[in-house]
1. Can you give the relative contact order of segment 3-187 as a percent, counting alpha carbon pairs under 8 Å and 6+ residues apart?
2. What order do you get for 131-140, 66-75 when each peptide is scored by the mean count of other beta carbon atoms within 10 Å, highest first?
3. For Cα pairs less than 8 Å apart in space and 6+ apart in sequence, what is the mean separation divided by the residue count of the chain, i.e. the relative contact order in percent?
4. For the cross-link pairs LYS52/LYS297; LYS52/LYS243; LYS29/LYS213, which exceed 32 Å when the distance is taken from alpha carbon to alpha carbon?
5. Calculate what fraction, in whole %, of the accessible area of the chain sits on carbon and sulfur atoms when a 1.4 Å probe is rolled over the protein chains.
6. For a label point 7 angstrom out from the Cα of LEU224 toward its Cβ, which stretches of segment 275-293 have the backbone nitrogen within less than 11 Å?
7. With respect to the cross-link table entries LYS3/LYS298; LYS62/LYS194; LYS62/LYS163; LYS205/LYS231, which display a Cα-Cα separation exceeding 27 Å?
8. For segment 1-138, just the Cα atoms, rotate onto the principal axes and tell me the three extents in Å, largest first.
Amino acid sequence: MEKELIFGHQNPDTDAIGTAIAYSYLQNKLGYNTEAVALGEVNDETAFALQKFGFEAPRVIKTAANEVDKVMLVDHNEPQQSVADIDQVTVTHVVDHHRIMNFNTSLPLFYLAAPVGCTSTIMWRLYQHYGVDVPQNIAGIMLSAIISDTLLLKSPTTTDEDKEAVTALAKIADVDYEKYGLEELKAGTNIVSKSEEELIDLDAKSFDLNGKKARVAQINVVDLPEALERKEAFLTAMNEAAKDEGYDLFMLLITNVLDSNSTALVIGSDNAKAAFEKAFGQVKDSEISLPGVVSRKKQVIPPLTEAFNS
Ligand code: MN
Ligand code: MN
């Protein structure tokens, strides 16, 4: 059987990595020949989860067409978030929980999307659908993905299905998910050892907003004031990136994972900033407090899209 690669989005998070691993295991059980790979180095949180459940970090690829003709996507579909040469390969499968944007294929494909908190929740259903048992380590990495995406079931993206999946997977993985989940989230909040340039790129995604190029990055912390002590350096790094990459808007969402509140730093062109303020209110000194906002997908991109379209 011809080999296919499975990967999540660029700047991978625990869902992009964990669900790729889980999907590869499932597809190989079903007779495919797949390998889970990554479009970037794993972050600290993901490294913690991989180690906890005995996985090595997947191999990092920059292009796919040099080794395969076919790929499977998890946790994304927008081409600018995918492998650089996505237009050179055939996408045969997608499992995702994001909006569908600028995604076209020339051939029929397997496409499964649901508005749930994490791709691993859909993956858990897929295992049940095919009657494949979830091994303990795979359950652990899927559980880690759901904890990550839903901030331990506290994000407004969380659904009853995510809760069911967490309960079931925690049982198979044999962990106390509340205790483990807090350890996992905290593992991703060490910002002291990283530069501002690294931090604004760790979990960053690009979006096309009515022809404008927007970059929305997010970092998790346990102490917002401490993170904001580095505000000027963050803004410098964001302005540099915007200049180099041509972003009209750069937003850095700094989220306290313990109380689910965020502060955002925002830079960009006057027009882009005006659209941003239409969505979220006044930005003072490039800063705005966003209480209760933790989800880029559900609480940031939809209002931004609307503001840029109006
Ligand atoms: Mn993701
Ligand atoms: Mn996800």
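1. Computed value for segment 3-187: 22 percent relative contact order.
2. Numbers: 131-140: 17.7, 66-75: 20.8.
So the order, starting with the most tightly packed, is 66-75, 131-140.
3. 13
4. Numbers: LYS52/LYS297 28 Å; LYS52/LYS243 39 Å; LYS29/LYS213 40 Å.
Those over the limit are LYS52/LYS243; LYS29/LYS213.
5. So the carbon and sulfur contribution to the accessible surface is 47 percent.
6. What the label zone holds, given the 11 Å backbone N cut-off, is 288-293.
7. Numbers: LYS3/LYS298 35 Å; LYS62/LYS194 23 Å; LYS62/LYS163 34 Å; LYS205/LYS231 20 Å.
Violating the 27 Å limit, Cα to Cα: LYS3/LYS298; LYS62/LYS163.
8. In descending order, the Cα extents are 38, 32, 32 Å.
The values are calculated or read from the model by the stated rules, or taken from the named source; none is laboratory data. All values reported here derive from a predicted model rather than from experimental measurement. Note that each Cβ is placed from the backbone with ideal geometry, even for glycine, and that neighbours are counted across all protein chains shown. Keep in mind that these areas ignore ligands, DNA and RNA; they rest on the heavy atoms of the full protein, side chains included. Shrake-Rupley method; radii C 1.70, N 1.55, O 1.52, S 1.80 Å.
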